[in-house]
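Read the structure below first, then the notes.
The values are calculated or read from the model by the stated rules, or taken from the named source; none is laboratory data. Predicted model only: the values in this text are computed from it and were never measured. Neighbour counts are summed over all protein chains in view; Cβ atoms, including those assigned to glycine, are modelled from backbone coordinates with ideal geometry.
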Amino acid sequence: MKIGIIGGTGFYQPGLLDNEKDEVLRTPYGDVNLKTGCYKGRQVVFLARHGVRHTVPPHLVNYRANIWALHSSGVTKVIATAAVGSLNEDMRPGDIVLVDQFIDFTKSRPQTFFEGGEAGVLHVDMTHPYCPELRSEIFQIASRNRIPVHRCGTYACTEGPRYETPAEVRMLRKLGGDVVGMTSVPEVVLAREAGLCYAALALITNYGAGISPHPLSHREVLDAMERAQEVLRRLIFSAVEQVREERHCSCASAADELGSLGRKTDQEE
Ligand SMILES: [Zn+2]
């Protein structure tokens, strides 16, 4: 089994990998830089979502190339990190949330591998956007390692790269958002189309605008990520080591129900 790790803001190097190698993987959407290696016998493929020097803003991340690259390198389970703002006073800066739902407010991003024609049309089911099995396993691993984690939460995804206004933060709260970030959509959607099990560890770096007593800065986000780095890494690598190889969820078959002319992503190269 190969496990994919997508490192978000403040998480640009996997660390801890044996035989770490840099690879460039060619996809129909562009080239992707990956790091591959092993951790306690498990094969790992790491990808820095914003590039290793944070050079790609959230709305320009090549989500399709990234997910395609993980899928075509044989990854079946993906653990992603994301720096988020909190909309919920019970979720405090420094906390980790195993998000289970999203609300999408993005505006400009390709959201599917299935653009019609040869590729077919897919209306993928989103009842469980984040793999329930992988989330539950990570939650148990966190409990065993005494790492406090919120079992679920709703991720409101905005377009960015600007932060939200206090009025938007009030709106997102009212609509049921617990955390706000800029990257989970379409990443989770594409992972689902590709038949991957995908879980996101949302690390709260700050309260949303208007809840926070001061204006937000990227520096504040990076500092919070820096402080949480060790715990986050410990949780991710415990999960890499301990998640089960078998899959009892329905993630692998999410793209089975294609419209006419469809073909499955695993038949495409
Ligand atoms: Zn799954």
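When only residues in region 18-53 that are more than 24 Å from V188 (Cβ to Cβ) and outside any strand (DSSP E or B) count, which is modelled with the lowest pLDDT? This residue is R53.
The numbered conditions (1) at pLDDT below 95; (2) in a helix (DSSP H, G or I) are all true for I67 except (1).
Identify, please: which residue in region 182-194 is in contact with a strand residue (DSSP E or B) (Cβ under 8 Å, 6 or more places away or on another chain) and not in a helix (DSSP H, G or I) and is, among those, farthest from I138 (Cα to Cα)? Per the criteria, the residue is M182. Taken over region 182-201, the criterion of being in contact with a helix residue (DSSP H, G or I) (Cβ under 8 Å, 6 or more places away or on another chain) and more than 16 Å from the ligand (Cβ to nearest atom) is satisfied by M182, T183, P186.
Filtering region 239-269 to residues that are touching a Gly at 6+ places or on another chain (Cβ under 8 Å), within 16 Å of the ligand (Cβ to nearest atom) and either in a loop (DSSP other than H, G, I, E, B) or modelled with pLDDT of 85 or more (or both) leaves C251, A252, S253, A254, A255.
Return yes when I236 is crowded, with 17+ Cβ neighbours inside 10 Å, more than 16 Å from the ligand (Cβ to nearest atom) and not in a strand (DSSP E or B) and no when it is not. Lay out the reasoning, then the answer.
Values: crowded, with 17+ Cβ neighbours inside 10 Å: yes; more than 16 Å from the ligand (Cβ to nearest atom): yes; not in a strand (DSSP E or B): yes.
Yes.
Of the residues S73, S143, the single one that is away from the ligand (no atom under 16 Å from the Cβ) and out of contact with any Ser or Thr (no Cβ under 8 Å at 6 or more places or on another chain) is S143. For A228, the criteria (1) among the small types (G, A, S); (2) more than 21 Å from V61 (Cβ to Cβ); (3) more than 16 Å from the ligand (Cβ to nearest atom); (4) modelled with pLDDT of 95 or more hold in every case but one, which is (4).
State whether the residues of region 103-115 include one that is closer than 17 Å to P57 by Cα and of a type in the set (V, I, T).
In the first step, residues of region 103-115 are kept if they are closer than 17 Å to P57 by Cα; the result is 105-111.
Filter again for of a type in the set (V, I, T), leaving 106.
Scanning region 103-115 turns up at least one residue that is closer than 17 Å to P57 by Cα and of a type in the set (V, I, T).
Of all residue pairs spaced 6 or more apart or on separate chains, none has beta-carbon atoms under 7 Å together with a first member in region 200-217 that is free of Cβ contacts under 8 Å to residues at least 40 places away in the same chain and outside any strand (DSSP E or B) and a second member that is aromatic (F, W, Y) and crowded, with 19+ Cβ neighbours inside 10 Å.
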